[in-house]
Each structure stands twice: as structure tokens, then as C-alpha cells.
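Asker: Dropping a structure here in C-alpha cells format, bear with me for questions.
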Amino acid sequence: MDTSRRQTALALLAASLAGAPFSSWAQTAAQDQAGPPPPAAIEPPDPDAGPDTSVDTQTGSNKHMMAPVMINGQGPFQFLLDTGANFSCISNRLAARLQLPPQASARVHTIAGVRERRIYLVEDLRLGDRTRKRVRVAALPLPGYLDGVLGVDWLKGQRLVLDFKGKEMLITRSRTDESQDKQVVVRARRRMGQLTIVDADLSGERISAILDSGAETTMCNAPLRELVRKSEQRKRLPADEPRMVRFESIAGESFEGEFLFLPFLRLGGLHLGNVQVIHADTHVFDLWKLKDQPALVLGMDLLTQFDLVALDFGRSAVRFDFV
């Protein structure tokens, strides 16, 4: 990969990166297959959530999962599903096309910082069989292929299934999943709306891992980069020259990241190796209060290694299905 070329990144209240796919291996730990994770506090579902629904999805130009959305009876429009965003948004051009009524501006956090953005009111937003009324959305200068982003404000107490193999997305009521053959369930906790895997470590060191379907590339912060450096020193591995790549957000915000590989990553009963990530100390780690502790944002390059990933926001658990 030419690390000097510019990449496109989406960032809305979370990290959303573009980068190269990687090859990783995964296995499960036998001791983690005995049953479900310990129960977490159950978040009550949104009473206005509506019925269970499923929609066929498409793969966007940056591997993102795209779903058709109707707004005020018009569409369908292509929206990206972003579990790293806690606020939904639309493109500036779609807001103008639909002549949406503007609301007061608000501070919107992106991967690079905070900016004032115009807020609009959507009277009717439909995804499959689910409809939300009077939804406030932020307007961003999204690229031409993307009309909007659905954040986790849609998923209070619900269960989101990303079926990569079947090219389908499902939103259902929360339910209990159990680990079994070729299916691993890991505990998580809610952090500002997102799910963070709590039972995770890098070569035995405890880390936090946030699942972000809006991020194409998995990203780490400086404390986790330091864990990798110490591991290399213990093994007396030669220090490689940093491989840097430049990124640009869809809002025109630029930053640099460093390619590196994680030797051994454990997510509950999953053991992963040869995981390529990008080290970039971006605003998102400050936003999630993870600046000073080792943390990962798990992007689509990792998530799509599985057949299916189910994020249960009601029971704070994540299920991974694989061959």
C-alpha cells in the first residue's frame, strides 16, 4: 500500500477511518465456551422503537455497511450505520434538497475536534419497518455517495445484528446469547452510548475496545502503542521505521497515523493475531475519556473478518460468529 496517498475518513462523534484490509488469524479459548458472560445491567428498550426489522445492505466504497432510509416519505437515501456515533446526521445537500427546517446550531465532535454544525428537524425517518418521528440530525459535508449516518441514538436497549455474510442488517429486541461452537459472546459496557468490550487485553495487559462500524480501520491510542513498543523490546525485536499515512476526514480535517501490528489481542474468548492497526492520538480518545489508558477502536477491517457481529445495547454484550 502506498502510505503517502490520501485516504477518506468519516468521523461523527467517533473515530471513522479508512485504510488497508489485513489478514488476521483467530481462535477461541476453550474455557470461554462454557456459557454466557456474567449478566450486566439491562437497559430498558425505547418504548417508541417499533417492531423488529431487517434490511438488505450494500457495501460502500470504504467497506461501510449502507442501508436504505426514507425521510419524510422521500427516498430511499443511502445511510451508513455507525455504532461509533451517538448522534445521527445527514448531508448538507440532502438537508437543502428536502428543505428541512433548521434548528439552532450545536457543537458536534468529530475525529479531529469540535465544530459548530447546523441541526435540522426530520419529521419522519424510516429504516425498514421502524419509524422515528421528529428526529434532530446534524448536517455535515458528506461525500457524494453518502446521504447520512445512523448513530446509536436509534439503538437504545436494542440489539443490532450486522450479518456480513448475508449482507443484511437486523434491529431486534434485546435477548440473551450464549457462546457455543463458532459463536463467542463477550461482555461489554456502555460508554457514551457505544459498546466497549471490558474483557480484553493485549499480550496480557488490560485494554478497552470500542466497536465502531463507521470506522474502516482499527485504531489505537498512545498508551496502547507503548504496550506494543515494550513487547518488542522484551523480545529484542529490531525497531522498524515508522510507516506513516495521512488521513483526511470528510469535513476536510487532516491528521496522520502510524501503521503497526498487534501481536496477540484477546477479546473475551477470541484470540487474534497479526492485527494491523493505525496509531493516531485523535480527539475521539479524549471524547471517550480513554486518552490515558490503552484503547482500541475496532473498525470494519476487523469486524468483517467475522460472518456476523451482534451488538446488544440492552444487555451490554457482543456476539461474534465465524467459520
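The values are calculated or read from the model by the stated rules, or taken from the named source; none is laboratory data. Please read all numbers here as calculations on a predicted model, not as lab measurements. So basically every Cβ, Gly included, is an ideal-geometry build from the backbone, and we count neighbours across all protein chains shown. To get the accessible areas, we keep the full protein, side chains included, count just its heavy atoms, and leave off ligands, DNA and RNA. Shrake-Rupley method; radii C 1.70, N 1.55, O 1.52, S 1.80 Å.
Asker: Computed over the Cα atoms of segment 239-323, what is the ratio Rg over Rh, Rh following Kirkwood?
Answerer: 0.99
Asker: Okay, moving on. Straight-line reach from Lys289: which aspartates and glutamates have Cα under 19 Å away, leaving out those fewer than 8 places along the same chain?
Answerer: Answer for Lys289, where 19 Å is the Cα cut-off: Asp199, Asp201, Glu205, Asp212, Glu226, Asp281, listed by chain and number.
Asker: Here is a further query. Once you list every other residue whose beta carbon is under 11 Å from the beta carbon of Arg175, what net charge do they have if Lys and Arg are +1 and Asp and Glu are -1? Walk me through the intermediate numbers first.
Answerer: Numbers: positive: Arg159, Arg173, Arg315, Arg319; negative: Asp52, Asp177, Glu178, Asp312.
Once positives and negatives cancel, what remains is 0.
Asker: Straight-line reach from Lys230: which lysines have a Cα under 20 Å away, not including same-chain ones fewer than 8 places off?
Answerer: Lys291
Asker: I've got another one for you. Taking amide H atoms as placed 1.01 Å from N in the peptide plane, list the residues 5 or more away in sequence, or in a different chain, whose amide H sits under 5 Å from that of Ala295.
Answerer: For Ala295, the qualifying residues are Ser208, Asn221, Leu224.
Asker: From the alpha carbon gyration tensor of segment 62-110, can you work out the equivalent ellipsoid semi-axes (sqrt of 5 times each eigenvalue) and give them in Å, largest to smallest?
Answerer: Listed largest to smallest, the semi-axes of segment 62-110 are 19, 18, 9 Å.
Asker: Let me ask another. P(r) for segment 155-281, please, calculated from all Cα pair distances in 5 Å bins and given in %.
Answerer: 2, 8, 15, 20, 19, 15, 13, 6, 3, 1, 0
Asker: From the phi of every residue in segment 106-111, what ³J(HN,Hα) in whole Hz does the Karplus formula 6.51 cos²θ - 1.76 cosθ + 1.60 yield, where θ is phi - 60° and glycine or proline is x?
Answerer: Each residue of segment 106-111 in turn: 9, 7, 10, 8, 10, 4 Hz.
Asker: Could you point to the residue in Ser213, Thr282, Phe264 farthest towards the positive end of segment 175-323's charge dipole, with +1 and -1 charges on the Cβ of Lys/Arg and Asp/Glu respectively?
Answerer: In segment 175-323, that residue is Phe264.
Asker: By accessible area of protein heavy atoms, probe 1.4 Å, what ranking do Phe285, Phe261 get, highest first?
Answerer: Output order, biggest surface exposure first: Phe261, Phe285.
Asker: Run the numbers for Glu178 and Asp240: contour at 0.36 nm per residue of separation, minus the present Cα-Cα distance, in nm.
Answerer: 18.2 nm
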